[in-house]
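The next block holds one structure in the form of structure tokens; read it before the comments.
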Amino acid sequence: MNEANSFEELSERELPQWYADTPFGIFVHWGAYSVSAWGEPIGALGTIEWETWFKHNPYSEWYYNTIRIEGSPAQEHHREVYGDMPYDGLLDMWKAEKFDPTDWATLFRDAGAGYVIPTTKHHDGITLWEAPRTEGRNTVARGPQRDLIAPIADAVREAGMHFGVYYSGGLDWHFRPMAPHTTDESVNDTGRPKDAEYGAYCAQQCRDLIDRYQPEILWNDIQWPDDAKNFGPDGLGTLFNYYYAHVPTGVVNDRYGDTHSDYLTSEYSHLLANEGDKAWENCRGIGYSFAYNQLEDESHYLTGYQIARMLTDIVSRGGHFLLNVGPKADGTLPELQRQALVDLGAWMRTGAKDALYGSRPVSTEDVTAGAGVWVRGVDKEGTRRLFVDLEEADPRVAARATLTVGDEQVNVELPAGRPGPVIY
């Protein structure tokens, strides 16, 4: 497309076909916070009141914020384990000694993913590549002492998937230190940096990400500095033009504020109003945290079967599903997370991936389900496929689902040990 002069012009851009047809991706939250790996697993975003959420934050990637809230359990934990060590001491403790990007990519591909998005800079401001103006506060100069993004990008593409990047443009607790966030208003308005100079800092780093890695997704978080929401030399509009010129198949999400997006996002049970007619994506962790949280166990994690159900539901409503994994500090994936992806892959290979990729929502008004029967439908190239299970199902137990399709009564056998919904 020609260079745009307004956000309205940018919004006339068509959604790239690859993204429209690729409904499942893997998010990766990995950083210095993976060393502490600590957050209270109190519940999913969207189900907890804000006044409780921040002081008892289950997101372990928010550790830098939570330990600065007076009287928080995270603060007490940090003092007990690390004494008066500043947060950046975690960066020096982070070695990533068992990091194997090829193993990651193989696992993600076999789970049925079509795109992968690692964090490149989270709210703590530490970058996983030698980003400009970080003055050594990155993984090349400290901690792992290497660029962690390049090998992930290479492995993901070698495995046949699309590569994107997460970047926190809204918050940087080091470059723009603010009081710790204790309210949603603080995060999204009163406590975030809005100045043009910070916007230029973010734009420079994002241009560097584009130049180095050509990501097909720019996944921003929280917001963008208000004084940089323009088409000046370091403005957001100029950055979008630069991105689309260098990566014509690229897409951006909606977390740049009221500017431009190729698709909308929801998160766990938060921002569900975005799940509508425009392209949208739901993101969540396998547990309650995105980054690895040592306090989470089997009771907090989704199984492969549950992920299969969730993915089917989202795609049947026209959405994408971005499922997050949180590697440990050494680069290995927690076994429960790995097993969930292995089990999901077994379901994908039953024909589910072929049915979901390239599909669109379809009416099921002519389908009448019996009591307790769970049904979702998609259309692919004029053929409707129904995904069938029971509402309250134990996949270890064989069952039968009865439904009427048009004038025909159908009995769908649900075998014991099924990895996900049965395709009819």
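Every number here is computed from the coordinates shown, using simple stated rules; none is lab data. Just so you know, these numbers come straight off a predicted model, no measurement behind them. For neighbour counting, all protein chains shown are included, and Cβ atoms are generated from backbone atoms with ideal geometry for every residue, glycine included.
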Of Leu323, Leu336, Leu272, which is the most mobile in a GNM of the chain whose springs link Cα atoms less than 10 angstrom apart? Leu272
Whole-percent tail of the Cα-Cα distance distribution for the stretch 1-130, cut at 22 Å, equals 56
Within the stretch 266-378, what percent of beta bridges assigned by DSSP are antiparallel, to the nearest 5? 20
Residue-wise, which Karplus ³J(HN,Hα) couplings in Hz belong to the stretch 344-353, taking 6.51 cos²θ - 1.76 cosθ + 1.60, θ = phi - 60°, and x for glycine or proline? 4, x, 4, 5, 4, 7, 7, x, 5, 4
Label-point separation, Asp407 to Asp227 (7 Å along Cα→Cβ), nm: 7.2
Two-site FRET efficiency, Asp313 against Asp84, from Cβ-Cβ distance with R₀ of 45 Å, rounded to 0.05: 0.45
proj_area_mean for the stretch 187-281 (convex hull on C-alpha atoms), units nm², value 6.4
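Kindly provide the helix-only [θ] at 222 nm of the chain, computed as the sum of -39,500 (n - 2.57) over DSSP H runs of four or more divided by all residues, to the nearest 500 deg cm²/dmol? Working shown, then result.
Values: 14 runs with 114 residues, N = 424.
Taken over the chain, the calculation gives -7500 deg cm²/dmol.
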Return the percentage of antiparallel bridges among DSSP beta bridges fully within the chain, rounded to the nearest 5 %. 45
Calculated from backbone phi, Karplus (6.51, -1.76, 1.60) coupling profile of the stretch 186-198 in Hz, x at Gly/Pro: 4, 5, 9, 8, 6, x, 10, x, 10, 7, 5, 5, 5
What shape does the stretch 253-377 have by the C-alpha gyration tensor, where a ≥ b ≥ c are the square roots of the eigenvalues, rounded means a/c under 1.5, and otherwise prolate means a/b greater than b/c and oblate the rest? oblate
Taking 86-95, 108-117 and ranking on average Cβ neighbours within 10 Å, highest first, one gets 108-117, 86-95
Using a 7 Å offset from Cα along Cα-Cβ at Glu392, what residues in the stretch 339-377 end up with backbone N under 19 Å from the label point? 369-375
In whole percent, what relative contact order does the chain give with Cα contacts below 8 Å and a gap of six or more residues? 19
Collect residues whose amide H, placed 1.01 Å from N in the peptide plane, falls under 5 Å from the amide H of Val251; neighbours closer than 5 in sequence don't count. Ile217, Leu218
The stretch 138-221 - Kirkwood radius from inverse mean 1/r over Cα pairs (Å): 14.7
Kindly rank 30-36, 241-247 from highest to lowest mean number of other beta carbons found within 10 Å of each residue. 30-36, 241-247
Between Ala245 and Asp277, Cβ-based FRET efficiency (R0 30 Å, step 0.05) works out to 0.60
Could you calculate the contour length gain from Glu70 to Asn2, that is, 0.36 nm times the residue separation minus the distance between their Cα atoms, to one decimal place in nm? 19.4 nm
Cα gyration tensor of the stretch 341-424, axes a ≥ b ≥ c as square roots of the eigenvalues: rounded (a/c below 1.5), prolate (a/b > b/c) or oblate? oblate
Volume per residue (Å³) of the convex hull spanned by the alpha carbons of the stretch 217-261 is 61
Dividing the mean separation of Cα pairs under 8 Å (6+ apart) by the residue count of the stretch 1-116 yields a relative contact order in percent of 32
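Shape of the stretch 23-77 from its Cα gyration tensor (a ≥ b ≥ c, root eigenvalues): rounded if a/c is under 1.5, otherwise prolate when a/b > b/c, or oblate?
oblate
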Using amide H atoms built 1.01 Å from N in the peptide plane, name the residues 5+ places from Phe27, or on other chains, whose amide H lies under 5 Å from its own. Ile117, Leu323, Asn324, Val325
Convex hull of the stretch 68-173 built on C-alpha atoms - directionally averaged projected area, nm²: 8.2
Note the count of lysine pairs whose C-alpha atoms are less than 23 angstrom apart in the chain, limited to pairs 8 or more residues apart or on different chains. 13
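Could you rank the peptides 279-286, 254-261, 382-389 by their average count of other C-beta atoms within 10 Å per residue, with the highest value first?
Numbers: 279-286: 24.0, 254-261: 20.0, 382-389: 18.0.
The densest-packed peptide leads the list: 279-286, 254-261, 382-389.
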Under a 5 Å amide H to amide H cut-off, with H placed in plane at 1.01 Å, what residues pair with Ser266 once short-range neighbours are removed? Glu281, Asn282, Cys283
Tell me the volume per residue, in Å³, of the convex hull enclosing the alpha carbons of the stretch 328-370. 151
